[in-house]
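Colleague: One structure, as structure tokens, below. Some questions next.
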Amino acid sequence: MNIFNRNTVLIRGAGEMASAVAVVLHRVGFPVLMTELTIPLAIRRTVCFSDAMLNRTAEVEGIQAVKADINNYLDILRNIKIPVLIDSVEIIKNIKPEFYIDARMIKTPVIDNSSLAQFTIGLGPGFTVGENCAAVIETMRGHNLGRVIWQGSASPNTGVPGKIGGESAKRVVYSPGVGNIKWLVNFGEIVEQNQVLGKIGEIEIKSHISGMVRGLISPKVNIIKGMKVADVDPRGKEINYTTISDKAHCVGRGVLEAIMVHLNQ
């Protein structure tokens with residue numbers, strides 16, 4: 001028997017950090033559900049369960065997620081898969097999970113949803129213990145990454161992507177226009193600085209640096225100017241774009257620690 005069979009975890013969001021949390025908790029036996037926007041905005045889609053909303057299924061590191069609704073999510077859980085439902089507070093209230101993890105990475109103050117579950121966790125900026133959650137997980141790179149915060153808040157949002165491979169802001173690509181993107185490259189491709197990654201209408205979207213493409217927003221998203229649409233990793237072939245990152249792993253393990261501390265109190 002699954003020792004966690006009554007400890008249902010609902011993760012709000014199914015992007016990179018949320019999916020890493022789901023992978024960690026699913027592997028140790030927690031029944032995990034997720035909610036996501038109808039048209040997700042994730043860019044690191046090879047490591048996100050959010051694509052289940054677009055393609056009906058998504059797989060991360062051998063774990064499968066399935067697009068679900070309130071009528072069939074239990075069947076999906078029984079098949080040892082992760083249901084992904086449309087994001088809705090009413091749906092979450094209907095499910096009544098024991099654990100609620102807000103992993104939407106909004107990075108601004110979040111409404112208090114502590115009443116949605118017995119124990120609530122917030123990831124990163126926007127969460128303060130005692131105000132809108134019971135525990136916070138630090139998401140900023142550095143010494144405290146993945147640490148469980150039992151008093152206070154996570155580090156504030158700097159608005160600057162964390163530095164990897166010596167690059168920070170330049171590795172992230174933002175849309176220069178409005179509309180739908182046609183990508184000319186794919187995940188895992190090595191690109192050069194100023195190479196055209198895709199087009200939005202007749203406007204070219206170029207990479208600021210050389211490296212490996214590890215993030216591309218879905219072409220189904222109606223893009224607005226300034227939206228984050230791609231990510232180029234300067235470490236190139238050194239990284240594996242099909243597995244969750246070191247940062248995401250730390251955050252996932254921090255969530256597991258917080259849950260186990262709560263269960264053992």
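Colleague: For the stretch 119-265, give the magnitude of the charge dipole about the Cα centre (Cβ charges: +1 Lys/Arg, -1 Asp/Glu; no others), in debye to the nearest 20.
Modeller: Here the stretch 119-265 has a charge dipole of around 180 debye.
Colleague: Still on this structure, I have one more. Report the charge-dipole magnitude of the stretch 12-168 in Debye, nearest 20, computed about the Cα centre from +1 at each Lys and Arg Cβ and -1 at each Asp and Glu Cβ.
Modeller: With Lys and Arg at +1 and Asp and Glu at -1, about 200 debye.
Colleague: Ok, one more. Note the angle between two axes, namely the Cα long axis of helix 16-28 and the longest principal axis of the Cα atoms of the chain, as a number of degrees from 0 to 90, rounded to the nearest 10.
Modeller: 40 degrees
Colleague: Over the alpha-carbon set of the stretch 169-234, divide Rg by the Kirkwood Rh and report the Rg/Rh ratio to two decimals.
Modeller: Over the Cα atoms of the stretch 169-234, Rg/Rh equals 0.92.
Colleague: Please report the net charge: other residues with Cβ closer than 14 Å to the Cβ of Ile70, K and R +1, D and E -1.
Modeller: Result for the local shell: -1.
Colleague: How much net charge surrounds Ile203 when only other residues with a Cβ under 14 Å from its Cβ are counted (Lys, Arg +1; Asp, Glu -1)?
Modeller: Around Ile203, the surrounding residues sum to +2.
Colleague: Among the DSSP beta bridges whose two residues both lie in the stretch 1-71, what percent are antiparallel, rounded to the nearest 5?
Modeller: Antiparallel bridges: around 50 percent, rounded to the nearest 5.
Colleague: What lysines sit close enough to Lys163 to cross-link, taking a C-alpha to C-alpha distance under 27 Å and skipping anything fewer than 8 places away on the same chain?
Modeller: Lys107, Lys199, Lys206, Lys225, Lys228, Lys237, Lys247
Colleague: With Cβ to Cβ distances under 14 Å as the rule, what net charge do the other residues near Pro109 carry (K, R +1; D, E -1)?
Modeller: Around Pro109, the charge tally is -1.
Colleague: Let me ask another. How do 143-155, 182-194, 204-216 rank on mean C-beta neighbours within 10 Å, highest first?
Modeller: Result, highest mean first: 204-216, 143-155, 182-194.
Colleague: Report the one residue of Ile39, Gly198, Ile91 whose Cα lies farthest in the direction of the positive end of the charge dipole of the chain (charges on C-beta: Lys and Arg +1, Asp and Glu -1; origin at the Cα centre).
Modeller: Most positive-ward Cα: Gly198.
Colleague: Students often forget the sequence filter, so: which aspartates and glutamates lie under 20 Å Cα-Cα from Lys220 once same-chain residues fewer than 8 apart are removed?
Modeller: List returned: Glu16, Glu36, Asp51, Glu59, Asp87, Glu202, Glu204, Asp231.
Colleague: Now for a separate question. Tell me the angle of helix 246-263 to the major Cα principal axis of the chain, expressed in degrees between 0 and 90 and rounded to the nearest ten.
Modeller: 10 degrees
Colleague: Right, another one. Kindly state, to the nearest 0.05, the FRET efficiency for His208 paired with Asn144, given R0 = 35 Å and r defined as their beta-carbon distance.
Modeller: Calculated value: 0.75.
FYI, it's all coordinate maths here, none of it is from the lab. Only a predicted model underlies this, so the values are computations on that prediction, with no experimental measurement involved. Using ideal geometry, Cβ is built from the backbone for each residue, glycine included, and neighbour counts are taken over all protein chains shown.
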